[in-house]
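Encoded as structure tokens, the structure appears first; notes follow it.
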Amino acid sequence: MKRFWTGIIVLTSLLIVSGCSSVKKSDKTQVSGSEPHQTDHQHNMSSEHQGHSMEHTSDGAKTNITTQAKLTTPKNLIPNQPVNLVINIQDTDGKSINKFDTFQEKLMHLIIVREDLATYDHIHPTYKGNGRFEVSANFSTPGNYSLFSDYKPSGQNEALSLMQIKIPGSIPLPKSLEKFEKTKVISNVKVNLDVANQNIQAGKEVTLNFDIKDTANNQPIKGLETYLGERGHLVILKSSSPLTVADYIHAHAHKNSPDGQIKFVTNFPQPGTYKLWMQFQRNGKVSTADFWVNVV
Ligand SMILES: [Cu+2]
């Protein structure tokens, strides 16, 4: 072992009833949480509306159990170098959860963003058994990072746990990050975000249509491939400090859309500034288009 596993960050359960993700900080121990998390848009709405209560346990035979994610990192965290992360999923008594269901083709989806939402990473930790997941991550700069792990204890609803990591060093000067552009050009394609209503209103269902054209001929692209079992993958975070699980929205793509279009129906629970990362696959390559939107 080259490194010693230290710096244990224990995340205990969020007070789900209150809907607040209280983050206590003392030395290396952070308390944050997991909560039942529905990712189909309807449930997403209801969970947001209900303030993350546990009321929506009546989803068929599924139940919600409260879980916690315990993150272990190497002692020395260096920017722009692979960092081995160990995530242990436990119940509130600290007992390992050892069975998980696959959803969207994986046992765990891990979304890592810097606190200012300037960076985004979507990776899939490997399950090692006995509640233990491992993955190598890269934190490009010093700063505070939030890690949203999305997993499904066997037979349960999806759960979302938030972990935090501080990469030491001088934090880059804050720039004005929000750019409300509706078009992004990424490697030969132009992604345009169409929002049905000019103003997105908090608490109302909204359709987000991503229109993808070839920059060479301005025609809708063909050959969009399934990515993680869907036409596209959309993660939305509300700009907040600190970020909490309530700031995270995972929307699902419509199954049938014309060539070159990926549509999502979602709901932004609160007014504010949000960042969207839409990922799609073509020719075996995953691209990420990001956008900022204002919700009133
Ligand atoms: Cu994933």
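The values are calculated or read from the model by the stated rules, or taken from the named source; none is laboratory data. This is a predicted model, so every value here is computed, not measured. Cβ atoms come from the backbone with ideal geometry, glycine included; neighbour counts cover every protein chain shown.
Somewhere in segment 164-180, is a residue away from the ligand (no atom under 16 Å from the Cβ), among the basic types (Lys, Arg) and in a loop (DSSP other than H, G, I, E, B)? Yes, segment 164-180 contains a residue that is away from the ligand (no atom under 16 Å from the Cβ), among the basic types (Lys, Arg) and in a loop (DSSP other than H, G, I, E, B). In segment 121-151, of all residues being within 11 Å of the ligand (Cβ to nearest atom) and in contact (Cβ under 8 Å) with a residue 60 or more places away in the chain, the one that is surrounded by the fewest Cβ atoms within 10 Å (Cβ to Cβ) corresponds to 122. Within segment 251-279, the set of residues being closer than 20 Å to residue 219 by Cβ and basic (Lys, Arg) comprises just one member, 263. The number of residues in segment 152-163 being crowded, with 20+ Cβ neighbours inside 10 Å and either within 13 Å of the ligand (Cβ to nearest atom) or not in a strand (DSSP E or B) (or both) comes to 4. Within the set 98, 80, 88, the sole residue that is at pLDDT 90 or above and touching a strand residue (DSSP E or B) at 6+ places or on another chain (Cβ under 6 Å) turns out to be 88. Going by the structure shown, is residue 211 within 16 Å of the ligand (Cβ to nearest atom), closer than 18 Å to residue 234 by Cβ, at pLDDT 95 or above and among the charged types (D, E, K, R)? Considered against the rule, which asks whether it is within 16 Å of the ligand (Cβ to nearest atom), closer than 18 Å to residue 234 by Cβ, at pLDDT 95 or above and among the charged types (D, E, K, R), residue 211 comes out as no. For segment 216-225, a residue qualifies if it is surrounded by fewer than 18 Cβ atoms within 10 Å (Cβ to Cβ), in contact with a strand residue (DSSP E or B) (Cβ under 7 Å, 6 or more places away or on another chain) and in a loop (DSSP other than H, G, I, E, B), and the qualifying residues are 219, 223. Screening residue 130 with (1) at pLDDT below 95; (2) closer than 21 Å to residue 90 by Cβ gives one miss only, at (1).
The rows are residues; the columns are (1) in contact with a Lys or Arg (Cβ under 9 Å, 6 or more places away or on another chain); (2) closer than 18 Å to residue 239 by Cβ.
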| position | (1), (2) |
| --- | --- |
| 97 | no, no |
| 102 | yes, no |
| 118 | yes, yes |
| 123 | no, no |
| 135 | no, no |
| 154 | yes, no |
| 158 | yes, no |
| 172 | no, yes |
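Only one entry of 244, 215 meets the criterion of being among the β-branched types (Val, Ile, Thr) and in contact (Cβ under 8 Å) with a residue 40 or more places away in the chain, and that entry is 244.
Say whether the condition of being of a type in the set (Phe, Trp, Tyr), over 22 Å from residue 162 (Cβ atoms) and either more than 16 Å from the ligand (Cβ to nearest atom) or assigned by TED's automatic domain parsing to the domain that holds residue 117 (or both) is met by at least one residue in segment 221-242.
No, that holds for no residue.
Determine whether residue 290 is of a type in the set (Asp, Glu) and assigned to a loop (DSSP other than H, G, I, E, B). Spelling it out, it is not the case that residue 290 is of a type in the set (Asp, Glu) and assigned to a loop (DSSP other than H, G, I, E, B). Scanning segment 75-120 for residues being touching a residue at least 40 places away in the same chain (Cβ under 8 Å), more than 13 Å from the ligand (Cβ to nearest atom), assigned to a strand (DSSP E or B) and crowded, with 18+ Cβ neighbours inside 10 Å gives a total of 8.
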